[in-house]
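Below is one structure, written out as C-alpha cells, with a few remarks after it.
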Amino acid sequence: MPVVKPFKALRPKLELVTKVASPPYDVINREEAYQMAKDNPHSFLHINKAEIDLDSTINPYDKEVYKKARENLDKMVRKEVYLQDKRENFYIYRQTMKGRTQTGLVVCASIDDYLIGLIKKHENTRADKEEDRIKHIDFNDANTGPVFLAYKAKMEITEVLNRWTKKENPVYDFTSEDKIIHTCWVIDDEQTIEQLIKAFAEIDYLYIADGHHRAAAATKVGLQRREQFKDYTGKEEFNYFLSVLFPDNELYIMDCNRVVADLFGNSEEEFMEKISQNFEIEKYKGERPYRPEAKHTFGMYLKKSWYKLTTKPGAFNENDEVERLDVSILQNNLLAPILGIQDPRTDQRIKFVGGIRGLKELERRVDKGMEVAFALFPTSIEELMAVADAGKIMPPKSTWFEPKLRSGIFIHRLSE
C-alpha cells in the first residue's frame with residue numbers, strides 16, 4: 001500500500017531554527033513576508049517568497065524570483081545555516097496549539113502512489129499556482145514545503161511515535177510568534193524505521209489535507225526528471241516528495257469563511273427574498289458575531305447586522321458526499337444562483353477568510369468595502385475522507401487546517 005521513505009533532511013542548525021522556520025508561502029502576502037523577514041537574513045521566506053529580495057514591482061512568477069530562491073538556498077547551505085543529515089531518517093514533527101497537540105511523521109511519499117490514487121485528493125488545482133510550485137521545486141532542486149497528509153489512525157503507529165518521543169530528546173523545541181509550539185525528533189534507528197514502513201504499508205490510503213498544489217507539482221517535476229533520465233530506477237529522490245503524515249483523530253479543521261464584494265445587482269430586499277427560498281432567516285440579537293453551532297446553518301453579516309441562516313429541507317441531496325457539505329449548500333443555493341459566483345476558484349468578487357482570523361475579520365472586511373460575509377460550520381475530517389474515497393472533489397476552500405506546518409524545518413533534495 002502507500003510507500004513511506006526515510007530521507008537525508010536538510011535542516012537548520014539548532015540555534016538558528018527559530019530564525020529560519022517561517023509560515024507557509026501561501027498564507028501570507030508579499031508585504032507581510034517582507035516585514036517578517038526584512039531584519040532576519042536566515043528566514044526561510046527568502047527562499048519561499050524570494051520576491052521580497054527583488055524590486056517590489058517584479059511579478060512573483062518571474063523567472064528571476066525562482067533564481068533568487070535558489071541563490072538564497074545555496075547561500076544558506078554554504079554558510080551552514082542548513083546542514084544535511086548523513087543518513088536517511090524519519091522525523092517526528094509535533095505541534096501544540098492552545099494545549100491541543102498533533103504529532104506527525106515526516107517522510108518522503110511516492111509520486112507513483114499519488115498517480116495511482118493511493119494518495120487521495122479532494123480539491124482541484126489551479127494551473128497558475130501549480131506551475132509556480134513546479135518552477136520553485138525545479139529551480140531549487142528540492143521540496144521546500146511539506147505536503148500535509150492524513151491517515152486513518154493506527155494504534156501501532158501512535159505507540160511507536162509516543163515511545164520514541166518519551167525516550168529521546170527533541171532536536172528542536174521552540175515557540176513561533178503565533179504561540180504555537182513546534183517540537184521535532186530524529187528517528188535514526190533502523191529497526192524503528194522498518195517498523196513504521198511496515199505499519200504504513202498496512203494502511204489503505206493517505207489523504208491530502210493541505211498542499212494539493214505542492215503534491216501535484218512535485219509529481220510533475222518527478223515525471224519531468226524521469227523523461228530527462230531515461231535509465232531511472234525509481235529509487236532516485238525525485239520519485240518522492242516531502243510530506244508530514246498525521247492521524248485523522250488528532251487533526252483540527254476550522255471554518256473557512258467567505259466575503260463577497262456586491263449583491264450582484266440585487267437590492268437588500270430582493271437579496272433577502274431570494275435567500276428565503278432555501279433558508280430560514282433569523283436576525284441574530286447577540287452581542288458577538290454569530291458562529292454556526294451545527295451543520296447546515298450559516299452566519300451572514302450584512303449592513304452591520306448578523307443573521308442566522310438555516311437550510312430548509314430539500315435544498316440539497318443528503319445522499320451525495322459533496323452536495324451535503326455546507327460549503328456546497330452555500331455555493332449551490334446562494335453564491336451561484338443569487339450572487340452570480342459560478343466559479344469561486346477564479347471569481348475575483350469572492351474572498352476566503354480562514355477561521356484562524358476570527359469572525360471579527362469578516363465584519364472588518366464588510367465594513368471596509370465588501371458587501372456581505374458568510375460564516376460556516378467547519379467541514380469534518382470524516383467528510384473530507386468520504387469525498388476523497390468517493391473519488392469526488394470538494395468546492396475550493398472547504399477546509400482550513402490549524403496549526404499550519406512551518407516551512408524551512410525540513411527540506412528534501414531531489415538529487416544528491
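The values are calculated or read from the model by the stated rules, or taken from the named source; none is laboratory data. All figures in this text were calculated on a predicted structure; none of them were measured in a lab. For neighbour counting, all protein chains shown are included, and Cβ atoms are generated from backbone atoms with ideal geometry for every residue, glycine included.
Miscellaneous remarks
- Only one entry in 310, 346 is in the same structural domain as residue 266 (by TED's automatic domain parsing), within 16 Å of residue 273 (Cα to Cα) and among the β-branched types (Val, Ile, Thr), namely 310.
- Some residue of the range 75-86 being among the hydrophobic types (A, V, I, L, M, F, W, C) and in a strand (DSSP E or B): yes
- Criterion (of a type in the set (D, E, K, R) and either loosely packed, with under 14 Cβ neighbours inside 10 Å or touching a strand residue (DSSP E or B) at 6+ places or on another chain (Cβ under 7 Å) (or both)) met by exactly one of 19, 98: 98
- Remark: residue 110 falls outside the filter, which requires a residue to be buried (at least 22 other Cβ atoms within 10 Å of the Cβ), hydroxyl-bearing (Ser, Thr, Tyr) and in contact with a Ser or Thr (Cβ under 9 Å, 6 or more places away or on another chain).
- Some residue of the range 192-207 being in the same structural domain as residue 87 (by TED's automatic domain parsing), under 17 Å from the mean Cα position of the chain (by Cα) and in contact (Cβ under 8 Å) with a residue 40 or more places away in the chain: yes
- Selection status of residue 394, modelled with pLDDT under 95, crowded, with 20+ Cβ neighbours inside 10 Å and outside the structural domain of residue 102 (by TED's automatic domain parsing): yes
- When the range 325-336 is filtered for residues that are assigned to a loop (DSSP other than H, G, I, E, B) and within 23 Å of the chain's Cα centre (by Cα), only 325 remains.
Residue-wise test of (1) touching a residue at least 60 places away in the same chain (Cβ under 8 Å); (2) aliphatic (A, V, I, L, M).
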| residue | (1), (2) |
| --- | --- |
| 90 | yes, no |
| 95 | yes, no |
| 103 | yes, no |
| 110 | yes, no |
| 113 | yes, no |
| 119 | yes, yes |
| 151 | yes, no |
| 165 | yes, no |
| 168 | no, no |
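Yes/no matrix, rows are residues, columns are (1) buried (at least 17 other Cβ atoms within 10 Å of the Cβ); (2) under 17 Å from residue 244 (Cα atoms); (3) modelled with pLDDT of 95 or more:
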site	(1), (2), (3)
181	no, yes, yes
185	yes, yes, yes
189	no, no, yes
196	yes, yes, yes
200	yes, yes, yes
205	yes, yes, yes
208	yes, yes, yes
216	yes, yes, yes
